[in-house]
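Peer 1: Below are the structure tokens for one structure; questions will follow.
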Amino acid sequence: MAIDKLLTPLTVGKTQLANRIWMAPLTRSRAAQPGNVPAQLNATYYTQRASAGLIVTEASQISQQGQGYAWTPGIYTDEQEAGWKQVVEQVHAAGGKISLQLWHVGRISHHLHQVDGGAPVAPSAIKAQNSNSFVVLPDGTPANQPTDTPRALALEELPGIVADYVASAQRAIRAGFDFVEVHGANGYLLNQFLDTGANQRTDAYGGSLENRARLLLEVVDAIAAQIGADRVGVRLSPQGVFGDMRVEGSGETALYVAKALGQRGIAYLHIAEPDWAGGVALTQAYRQQLRSAFGGALVFCGGYDAERAEALLASGVADAVAFGRPFIANPDLVARYAKSAALNTPDGSTFYGGAEVGYTDYPFLAD
């Protein structure tokens, strides 16, 4: 089928993108050690995929406290910033555009990731059920371990969380990124504050919808004040169940946040659809409500193929569609979609951890 709309340019904020086929953020756990530093292997991986309209990087923790998985890159040290600068320079040299996703996992963590082995932090001291953290055990063995029970963040700690987001965003812009994306989805810290189950606070950050959205909006406002709203994206996951989130009320919450973000003039809103992780699929009517609430670039992600993505763009609801696993296995996904060519199949056994195999060795069409 023709994918004319997917291949048309798109202006996001003040940035011109070559097409509407975005690369979704994909945790791959391949940052160099010690220090969780992006290295040349990571630069090669992203540069291979520079034909995407926009690359959204794997989520990158804004502090050690914000880490929940082994070998994920950070954006809070000079070494990490320099590593990401190398990635960005090579992606730009190949003609690509790139956004850094800013991450604090909150309660989806383990004491082995925390400073001095402390407890992870969260809105409230409520353990995430059926949730794991990927750790390296003291004997050097990597393993998935049940997340620890978190401690509730004190009110006076919240400005420090906001400051960590701002400092990481400033590092990202110094490294040359075109955008930053605030990760407010998939059961991580900002999503935990939005959630009526994980957030049982009785102060200004809990209870009402407005209070639960307060921290995310404070983060966005503080970042936008430093780098400009036109370089800020946000990811939300309405009706998502990942990380022990509640479906009830999450759709209404996302619509409220989408409207507030639209009023702030941010560059884009990235919706992680819920059915990839066992949630109930979004309806087209709900997608249209999001479109009505948010006037910037609206992007959807979650199990799309070229045909479904083209139809979504044709409906007028979406401005772009992000693809995850297809980009893992097909560095030249844009060319393959343009030519209706066959796709490589991703190898799930190499998704997390490792080196070149299953990361930078997937063949291009030219091969």
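The values are calculated or read from the model by the stated rules, or taken from the named source; none is laboratory data. Just so it is clear, the structure is predicted and the values come from calculations on it, not from any experiment. Cβ sites come from the backbone with ideal geometry, for glycine too, and all protein chains shown count toward neighbours.
Peer 1: Somewhere in region 291-302, is a residue in contact with a strand residue (DSSP E or B) (Cβ under 7 Å, 6 or more places away or on another chain), assigned to a helix (DSSP H, G or I) and not polar (S, T, N, Q)? Can you show your working first?
Peer 2: Of all residues in region 291-302, those in contact with a strand residue (DSSP E or B) (Cβ under 7 Å, 6 or more places away or on another chain) come to 291, 294, 296-302.
Now drop any that are not assigned to a helix (DSSP H, G or I), which leaves 291.
Checking which are not polar (S, T, N, Q) leaves us with 291.
Yes, region 291-302 has at least one match.
Peer 1: Could you tell me how many of the residues in region 35-61 are over 26 Å from Val321 (Cβ atoms) and assigned to a helix (DSSP H, G or I)?
Peer 2: So the answer is 2.
Peer 1: Yes or no: Ala254 in contact (Cβ under 8 Å) with a residue 24 or more places away in the chain, of a type in the set (Gly, Ala, Ser), out of contact with any Cys (no Cβ under 9 Å at 6 or more places or on another chain) and more than 14 Å from Asn186 (Cα to Cα)?
Peer 2: Values: in contact (Cβ under 8 Å) with a residue 24 or more places away in the chain: yes; of a type in the set (Gly, Ala, Ser): yes; out of contact with any Cys (no Cβ under 9 Å at 6 or more places or on another chain): yes; more than 14 Å from Asn186 (Cα to Cα): no.
The answer is no for Ala254.
Peer 1: Only one of Asp230, Asp203 is modelled with pLDDT of 95 or more, surrounded by fewer than 24 Cβ atoms within 10 Å (Cβ to Cβ) and outside any loop (DSSP other than H, G, I, E, B). Can you tell me which?
Peer 2: Working: Asp203 fails: outside any loop (DSSP other than H, G, I, E, B).
Step by step, each of Asp230, Asp203 is checked, and only Asp230 is modelled with pLDDT of 95 or more, surrounded by fewer than 24 Cβ atoms within 10 Å (Cβ to Cβ) and outside any loop (DSSP other than H, G, I, E, B).
Peer 1: Considering every residue within region 309-323, establish whether at least one is modelled with pLDDT of 95 or more, of a type outside the set (Phe, Trp, Tyr) and touching an Asp or Glu at 6+ places or on another chain (Cβ under 7 Å).
Peer 2: Here is the first cut: in region 309-323, the ones modelled with pLDDT of 95 or more are 309-323.
Narrowing the set further to residues that are of a type outside the set (Phe, Trp, Tyr) leaves 309-322.
With the extra rule that they be touching an Asp or Glu at 6+ places or on another chain (Cβ under 7 Å), the set shrinks to none.
There is no residue in region 309-323 that is modelled with pLDDT of 95 or more, of a type outside the set (Phe, Trp, Tyr) and touching an Asp or Glu at 6+ places or on another chain (Cβ under 7 Å).
Peer 1: Pull out all pairs, ordered by first then second residue, where Cβ-Cβ is under 7 Å, the residues are six or more apart or on different chains, the first lies in region 116-140 and is at pLDDT 95 or above, and the second is acidic (Asp, Glu).
Peer 2: Going by the 7 Å Cβ cut-off, the qualifying pairs are Ala119/Asp148; Pro120/Asp148; Ala128/Asp244; Gln129/Asp244; Asn130/Asp244; Ser131/Asp244.
Peer 1: So which residues in region 137-169 are assigned to a helix (DSSP H, G or I) and surrounded by 14 or more Cβ atoms within 10 Å (Cβ to Cβ), if there are any at all?
Peer 2: Leu158, Ile161, Val162, Ala163, Asp164, Tyr165, Val166, Ala167, Ser168, Ala169, listed by residue number.
Peer 1: Give Val241, Val321, Val234 a once-over and let me know the one that is more than 28 Å from Ala169 (Cβ to Cβ), β-branched (Val, Ile, Thr) and touching a residue at least 24 places away in the same chain (Cβ under 8 Å).
Peer 2: Of the residues listed, the single one that is more than 28 Å from Ala169 (Cβ to Cβ), β-branched (Val, Ile, Thr) and touching a residue at least 24 places away in the same chain (Cβ under 8 Å) is Val241.
Peer 1: Let me ask something else about it. Select from region 19-34 the residues that are part of a loop (DSSP other than H, G, I, E, B), of a type outside the set (S, T, N, Q) and under 21 Å from the mean Cα position of the chain (by Cα) and list them in ascending order.
Peer 2: Across region 19-34, the qualifying residues are Arg20, Ala24, Pro25, Leu26, Arg28, Arg30, Ala31.
This table checks each residue for (1) within 28 Å of Asp178 (Cβ to Cβ); (2) under 17 Å from the mean Cα position of the chain (by Cα).
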site	(1), (2)
Leu216	yes, yes
Gly240	yes, yes
Ala254	yes, yes
Gly262	yes, no
Asp275	no, yes
Leu298	yes, yes
